[in-house]
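One structure is given below, represented as structure tokens, and several questions about it will come after.
The numbers here are math on the coordinates, done by the rules we state, and not lab data. Since the structure is predicted, the reported quantities are computational estimates derived from the model, not experimental observations. Neighbour counts run over all protein chains shown; Cβ positions are idealised from the backbone, glycine included.
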Ligand code: MOS
């Protein structure tokens, strides 16, 4: 393969930097009206009245939609427990309030300013009920998490409690992680436009077909009557994986207004009605022999949950597979609170779970006076300890070795506070990263035109991840055409259906069908040339012909060749088209498929002020084959940067009296900026995984964040002697 893997520039780079790329809120729709969403100010209770008179009297106001006048929707069946991608929505069908920040009204006006002005003038009265707003209180009523397909809430193997009792060394620790909120640069936005009973939704989403299904179910109309368009998305990270209330509210408001309606949610509204990473409390118990071999691993997780719907953060997933330990027990419980429904946030479960597990491993290494890398190698899992299956590929041993070498790990003196730079405390810490390789069914089509260009289509998404670019490369490779001649289209339910762009599965799901459709179109063209009396290739066998750079050429006689477009032109110019549809086979029954990596971090801590800086991170990964070196490394780097935010900065501060998020803006909700990021050195090992899919790609969307928070916590301990088990690691915790 020559085009796949190249670090070519982003295909969509120019339209993005010139502003030509249309994001959801930017589509110019005639007669567009503007909506403002109003949210509740109490965490639990009922709306007793909404006085809309003042709002409706303002100029330009078209609709004030509340539970009193909103269109009645068909009654929703509650989705079965464990159903993914379907969330209970707040669509103004009753007066109930389940959390502070729940949508309770939508105002539509001729301008955004009129809509916002009117929205502020609604007078809402409530009958408030007692609310559960403390995790501690919620934990008194735990519920078992619903079992997910292939992911039961509880697992065990061997005899965990027995193994723990017998172990020479024991560790018993609790780790906690806070509420966090997704904040992609582009907040959620929807433009809804009805044409009779046809609905078009321009939406910021990771799942156009999911939005379509939700709209069809919500309004009780056929999916074929709904089109969802999402050519550009300004970041998703999980929050745009589900379809949230505002999307349906935009469509309802558009119905009432009799015109297309734009509902762009405000930055503050990112903190509640569109998902959150739940709080977690993770109880880790490790038992080990003197040589570091794990005798027992017990990981009990509680995550915060919502009354409106269930979402457990599956923190134990990493513990189940990462180390060869015969005696294991994991549990998953939910503590229900009056908060917005939690959802997937980059590496849901793996990012939070690895913080606990990989911190605990570091603590155990200190107990044993053992090097943390050595401890991990001592427990290296040669096969999947959960399923007993061989790995499709695993180069974690190499990741440790190369990462340690590049970082200079051998020069580390393990004693806390033993390394300094002047008066600054220096800490070196490491952790393991892993993420499962997922794949779902997808479809694609490929068309070769008489002018020698090609159009390849699939209803997938580019969240800023590089999908346009890598799919163009994959198609160009299979077609035998230059990248510049291939156009890839995505982000529309009018295209062949593709799954949610979540779970790091876009390349693994869509890539193979793009490759197959493009290969099939190329083969059709070759067949046409062979049977064409006017072709220089007439009578050749298909396997004697190579397609490359837009030409069909005879392998043993390079003089016999012709341009791909010319073959079509001679046949009346009709484009040559092929379709493909494929999904996972039974490879998951034979192999365990995961990406792995090793993260090494250096921190500098001011001994008086407790401020933590991260001058460098060295990370090494085995993720199968990278489709594009440039966008791929960039995506992994983005994950590491977010890991630094998770480790040191991010927390949504919940007001225990009102249930309101106090720092619901990007001034007070801290994320890393350029000045917070030092050197990030990423190595992706050559990994030839023939089992995973035809492209050998395992997925890179999420593994970058995994392990980073633990590596930082371990480095902070090494620097300061303070073990912080509660994220984020902020100044107050270090000077206490
Ligand atoms: Mo990812 S959290 O599955 O978008």
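Taking 0.36 nm per residue of sequence separation and subtracting the Cα-Cα distance, how much length would be gained by fully extending the chain between residue 557 and residue 75, in nm to one decimal? Before the final figure, lay out each step's value.
Details: separation 482, 0.36 × 482 = 173.52 nm, distance 6.82 nm.
Extra length available between residue 557 and residue 75 comes to 166.7 nm.
Please list the radius of gyration and Dmax for the range 116-238, considering alpha-carbon atoms only, with Å as the unit.
Radius of gyration, then largest Cα-Cα span, for the range 116-238: 23.5, 73 Å.
Between residue 140 and residue 397, what FRET efficiency comes out of the Förster formula 1/(1 + (r/R0)^6) with R0 = 41 Å and r the beta carbon distance, rounded to 0.05?
FRET efficiency, residue 397 to residue 140: 0.40.
If we count other beta carbons within 10 Å of each Cβ, what is the order of 571, 438, 141, 338, fewest first? The partial results should precede the final answer.
Working: 571 15, 438 20, 141 10, 338 23.
Going from sparsest to densest Cβ surroundings: 141, 571, 438, 338.
Once you compute Rg and the Kirkwood Rh from C-alpha atoms, what is the Rg to Rh ratio for the range 1-80?
1.20
Going by C-beta contacts inside 10 Å, put 224, 650 in order with the fewest on the left.
Ranking 224, 650 by Cβ neighbours within 10 Å, fewest first, gives 224, 650.
Counting other beta carbons within 10 Å of each residue's own, what order do 39, 460 fall into, fewest first?
So the ranking, lowest neighbour count to highest, is 39, 460.
Ranked highest first by the average count of other Cβ atoms within 10 Å around their residues, in what order do 687-693, 714-720, 446-452 fall?
Result, highest mean first: 714-720, 446-452, 687-693.
Right, another one. Please work out, to two decimal places, the log10 of the ratio I(q)/I(0) at q = 0.14 Å⁻¹ from a Debye calculation in which every Cα of the range 462-585 carries one identical scatterer.
Values, matching the q order: -0.65.
In addition: Take every Cα-Cα pair in the range 271-349 and report what % of them are more than 13 Å apart.
So the pairs more than 13 Å apart make up 67 percent of the total in the range 271-349.
What ranking, highest mean first, results for peptides 605-617, 512-524 when packing means the other Cβ atoms within 10 Å averaged over each residue?
512-524, 605-617
OK, next. Using helices alone, I'd like the mean residue ellipticity at 222 nm for the chain: each DSSP H run of four-plus residues gives -39500 (n - 2.57), total over residue count, nearest 500.
So the calculated ellipticity at 222 nm is -7500 deg cm²/dmol.
Can you give the Rg to Rh ratio for the range 363-492, taking only C-alpha atoms and Rh from Kirkwood?
Checking Rg against Rh, the ratio lands at 1.20.
Mind listing P(r) for the range 298-435? All alpha-carbon pairs, 5 Å bins, whole percents.
2, 9, 15, 18, 17, 13, 11, 8, 5, 2, 0
Where Rh is the Kirkwood radius over the Cα pairs of the range 436-533, the temperature 25 °C and the viscosity 0.890 mPa s, what D in µm²/s does Stokes-Einstein return?
In µm²/s, the coefficient is 181.
If one computes P(r) from the Cα atoms of the range 365-421, what percent of pairs lie at distances over 18 Å?
Cα-Cα pairs in the range 365-421 separated by more than 18 Å: 48 percent.
What do the square roots of 5 times the Cα gyration tensor eigenvalues come to for the range 230-273, in whole Å, largest first, as semi-axes of the equivalent ellipsoid?
21, 13, 10
Need one number for the chain: average projected area of the convex hull over its C-alpha atoms, nm².
For the Cα atoms of the chain, the hull's average projected area reads 33.8 nm².
Report the percentage of all Cα-Cα pairs in the range 42-143 whose separation exceeds 17 Å, rounded to a whole percent.
Value for the range 42-143: 63 percent of Cα pairs lie more than 17 Å apart.
When the Kirkwood radius is taken over all Cα pairs of the range 542-585, what Stokes-Einstein diffusion coefficient follows at 25 °C and 0.890 mPa s, in µm²/s?
198 µm²/s
Any chance you could get the radius of gyration and Dmax over the Cα atoms of the range 537-630, in Å?
Over the range 537-630's Cα set, Rg and Dmax evaluate to 26.4, 82 Å.
Suppose each label sits 7 Å from its Cα in the direction of the beta carbon; what would the residue 266-residue 326 distance come out to in nanometres?
The answer from the label model is 6.1 nm.
Taking a temperature of 10 °C and a viscosity of 1.306 mPa s, what whole-number D in µm²/s does Stokes-Einstein yield for the range 220-319 with Rh from Kirkwood over alpha carbon pairs? All intermediate terms of the calculation are to be shown ahead of the outcome.
Working: Rh = 17.9 Å.
Result for D is 89 µm²/s.
In the range 169-281, what percentage of the DSSP-assigned beta bridges are antiparallel, given to the nearest 5?
75 percent
While we're on this one: At a 10 angstrom cut-off on C-beta neighbours, averaged per residue, how do the peptides 498-507, 279-288 rank from highest to lowest?
498-507, 279-288
For the range 587-736, which semi-axes, largest first and in whole Å, follow from the square roots of 5 times the eigenvalues of its Cα gyration tensor?
Semi-axis lengths for the range 587-736 are 33, 18, 14 Å.
Points 7 angstrom from Cα along the Cβ direction at residue 221 and residue 9: gap in nanometres?
So the label points at residue 221 and residue 9 sit 4.2 nm apart.
What spacing in nm lies between the two simple spin-label points modelled at residue 441 and residue 176, each 7 Å away from Cα in the Cβ direction?
With each label point 7 Å from Cα toward Cβ, the separation is 4.5 nm.
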